[in-house]
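Below is one structure, written out as structure tokens; comments come after it.
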Amino acid sequence: MGREPEMEEEAQENGGVGSVLPMASLISPSGNEVQLSELEGKIIGLYFAANWYPKCEAFTPALTAAYHRLKEHGASFEVVFASCDENRSSFERFHRAMPWPAVPFGDIGCKKRLSERFQVEGIPRLVVLAPNGEVVQPDAVELVHRYSDRAFPFTSARVAELEADEQRKFASQTLEKIFSINGKDYVNGCQEQVRISSLVGKTVGLYFSAHQCAPCIKFTAKLAAIYSNLKGKAEDFEIIYIPMDKEEEGYLRSCSDMPWLALPYDDGASSGALARYFDVREIPTLVVVGPDGKTVTREGRNLVNLYFDMAFPFTDEQIRLLQEMEDEEAKGYPPSLRHTGHRHELNIVSDKSGGGPYICCECDEQGLGWAYQCIACGYEIHLRCGRDMEGSSAWTG
């Protein structure tokens, strides 16, 4: 139910939650009214999201987990859902998965004013407000992803404290400290438990993945081949599966498809903590830890896709060497190419002349920098795919 204009002006003059939400009540997930007075004196998170957007569906569980922990600790905090859904049924379905109240779907005027006031141009968005209605954090989505409930009360001082603490942890990071998070000093091998201490001094990949995740299935096969190659070369390399599976059955099936070690399953508690520690936003993700226990890269997946087993040991020095090799190799390719896979002429580009990250239109694998590109329509292929393509005029004459 909305307020009369006179009441809105009075609420804005008095400050507080009523200055931001000019209405008498909100609506609970079950459809009951929630009086606005119940939010007075609390820190409020205005959550702009929509059922149809995957990033919102992914972020909502993270926000829900943080919300429940804050409630358990008695924090003076509330979330208000401001829906960007296109119809009422979508709004109601999405809202039922949330434990907090929402702006009524029919109050289009209020949602429009909120979007304009806080300049909401993308979702998900979490605007955090102080009890007096002032903005504490214009967008706390990143903070919830990284720190969960520890980000509360979302002030600049608290963020600085968390970032300093994070830097100290990374500076003193060791492999054993990373895995002390689950209270165990071992991971699961094929037939036996393997102590973390036995992995110290090796390059270790922490593989965040899950069963029945299509991108994970594809990358796991590639990673397994590379793992086998590196093991065959007697490299000091190991991988540990960090399960993001929701059920133990999925975890066990994932383990059966992987030739490496695995973190013991514990309903996601340890995996979730590690995902937050390394700021893992999507799966699959491959975090690489060096022989000294420090993080080498969080972009292991991209490096494997680009350079296969040549990426090992994933250091900046190794990647620079590979990029220099690519630059030198590119000098042997013609500046333009025609082939049967595309009707336009393709021109060679690099990261210094219009190239960048891309997915090859021929092999559907990742590329970076050097490519044959059609400026007219964005068609891009690896240099090697242009060379190997039958009918390529630059190569077959």
> Restricting attention to the range 315-343, and to residues there that are part of a strand (DSSP E or B) and open to solvent by 60 Å² or more (accessible area, probe 1.4 Å), which single residue is farthest from THR295 (Cα to Cα)?
Replying inline: ARG343
> Within the range 77-108, restricting attention to residues that are aromatic (Phe, Trp, Tyr) and under 23 Å from the mean Cα position of the chain (by Cα), which residue is surrounded by the fewest Cβ atoms within 10 Å (Cβ to Cβ)?
Replying inline: PHE94
> Among (1) outside the structural domain of GLY45 (by the TED database); (2) in a loop (DSSP other than H, G, I, E, B); (3) open to solvent by less than 40 Å² (accessible area, probe 1.4 Å); (4) of a type outside the set (D, E, K, R), which single condition is PHE208 missing?
Replying inline: (2)
> So which residues in the range 344-381 are among the acidic types (Asp, Glu), without any contact (Cβ under 8 Å) to a residue 40 or more places away in the chain and open to solvent by less than 60 Å² (accessible area, probe 1.4 Å), if there are any at all?
Replying inline: GLU380
>> Scan the range 138-153 and tell me whether some residue there is of a type in the set (S, T, N, Q) and on the phi < 0 side of the Ramachandran plot.
In response: no
>> Just to be sure I understand, how many residues within the range 295-310 are part of a helix (DSSP H, G or I), in contact (Cβ under 8 Å) with a residue 24 or more places away in the chain and either of a type in the set (A, V, I, L, M) or under 18 Å from GLY369 (Cα atoms) (or both)?
In response: 7
> When you look at SER28, is it at pLDDT 95 or above and of a type in the set (S, T, N, Q), yes or no?
Replying inline: yes
> Any idea which of ASP139, ASP165, ASP149 is among the acidic types (Asp, Glu), in contact with a Lys or Arg (Cβ under 6 Å, 6 or more places away or on another chain) and part of a helix (DSSP H, G or I)?
Replying inline: ASP149
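Applying the selection to the range 218-232, what residues are touching a residue at least 40 places away in the same chain (Cβ under 8 Å) and either under 24 Å from GLY268 (Cα atoms) or outside any helix (DSSP H, G or I) (or both)?
Within the range 218-232, PHE219, THR220, LEU223 meet the criteria.
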> Name the residues in the range 118-133 that are over 21 Å from the mean Cα position of the chain (by Cα) and free of Cβ contacts under 8 Å to residues at least 60 places away in the same chain, would you?
Replying inline: GLN119
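The values are calculated or read from the model by the stated rules, or taken from the named source; none is laboratory data. This is a predicted model, so every value here is computed, not measured. Cβ: placed from backbone, ideal geometry, glycine included. Neighbour counts: every protein chain shown. Surface areas here come from the heavy atoms of the whole protein model, side chains and all, with no ligands, DNA or RNA. Shrake-Rupley method; radii C 1.70, N 1.55, O 1.52, S 1.80 Å.
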